[in-house]
1. Can you work out ³J(HN,Hα) from phi for every residue in segment 30-43, in order, using Karplus 6.51 cos²θ - 1.76 cosθ + 1.60 and θ = phi - 60°, giving whole Hz and x for Gly and Pro?
2. Given the DSSP H assignment, sum -39500 (n - 2.57) over each helix run of at least 4 residues in the chain and divide by its residue total; what's the result at 222 nm in deg cm²/dmol, nearest 500?
3. Which whole-Hz couplings ³J(HN,Hα) result when phi for each residue of segment 153-163 is put into the Karplus expression 6.51 cos²θ - 1.76 cosθ + 1.60, θ = phi - 60°, listed in order with x for Gly and Pro?
4. For segment 36-120, rounded, prolate or oblate, judged on the Cα gyration tensor with a ≥ b ≥ c (square roots of eigenvalues), a/c < 1.5 rounded, else prolate if a/b > b/c?
5. Quick one: which residues, 5 or more positions from Asp149 or on another chain, have an amide H under 5 Å from its amide H? H modelled 1.01 Å from N in the peptide plane, none for Pro or chain starts.
6. Segment 119-207: Rg/Rh from Cα coordinates, Kirkwood Rh?
7. Just to be sure I understand: of the beta bridges DSSP finds with both ends in segment 1-90, what percent are antiparallel, rounded to 5?
8. So if each residue of separation counts as 0.36 nm, and I subtract the Cα-Cα distance between Glu22 and Lys200, what length gain in nm does that give?
Amino acid sequence: MIVETLPVGLIQTNCYVIGCEETGEGAILDPGGHPERILAAVDRHNLTVKYILNTHAHFDHTEANGEIVRATGAPLAIHPLERPLLEAAGGAALFGLRADPGPPPDLELADGDELEIGTLCFQVLHTPGHTPGHVCFYEPEEKVLFDGDVLFRRGVGRADLPGGNWQQLLDSIHRVLFALPDETVVYSGHGEATTIGEEKRLNPWLR
Ligand SMILES: [Zn+2]
C-alpha cells in the first residue's frame, strides 16, 4: 500500500496520499493546503484519485478541497454532521483566519461504510468528540488507521472547540480505536505515526 505523508498548510497538518500498488487507484485524505504538493505526490505515484476524504471539516484539514476537487474530478466525502462546520469554512474565523469553504460534499459517510480503493477496503468509523461528525478510516488487512484529530502519538484531540465533547472523545478512543489490534499503525492529523498498542501503554492522557 502507498502512504505518503505531506505536512501542509499553516499548522503543518498531515495530508495523506494513499493508494493501491496493484491497481493504481488512490485517495487524498485531508487536503489542508499546498494543493500543488498534493497533486505532485499523486502524479509521482501515478495514481487515479477515486475519493477525496475528510476526517472532519476543520479548515486545516479541508482548505484545499476546492482545488483538489477541480484538479481530480473525484468525489468529496465527509460525514453529514460536519456540514455546518464545512459551510462555515472549517472554523477558520475562530482563529482570525479567512478560508475558502470549498465545494459541498458529493458523498455522505456513515459509520460502517466501506470504501474500496483498488484492492484496499477502508471501513468508516464514526468517532465524535473532537467534532460531531469526525470519522476515521481503517484498513484491516493492511492494519492501518487514518484517525485525523482523535488520537495522536502521546496526545489526544482538542475537545474545547465548538462541537467538541471530552467524554465523547474518550469514548471514541476507548470503545472504537482501542478495539482495533495493537499492531494497527495510526496515521494522525498532526505529528508522527504511532500504533494502537503503543498509545494504550504510553499515552499520558489515557491512563
Ligand atoms: Zn481538527
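Taken together, the values in this text are just the output of simple stated rules run on the coordinates, not laboratory data. Remember, predicted model here, so these are calculated numbers, not experimental data. Positions of Cβ are backbone-derived with ideal geometry, glycine not excepted, and every protein chain shown enters the neighbour counts.
1. Taking θ as phi minus 60°, the curve returns 6, x, x, x, 6, x, 5, 6, 5, 5, 5, 5, 4, 5 Hz for segment 30-43.
2. Details: 6 runs with 40 residues, N = 207.
Calculated from helices alone, the mean residue ellipticity at 222 nm is -4500 deg cm²/dmol.
3. These are the phi-based 3J(HN,Hα) values: 4, 6, x, 9, x, 6, 10, 9, 8, x, x Hz.
4. Details: a/c = 2.40, a/b = 1.31, b/c = 1.83.
In terms of gyration-tensor shape, oblate.
5. So Asp149 has HN proximity to Gly189.
6. Details: Rg = 12.0 Å, Rh = 12.7 Å.
Value, to two decimals: 0.94.
7. Values: 11 of 18 bridges.
So the antiparallel bridges in segment 1-90 amount to around 60 percent.
8. Working: separation 178, 0.36 × 178 = 64.08 nm, distance 3.34 nm.
Additional length available on full extension: 60.7 nm.
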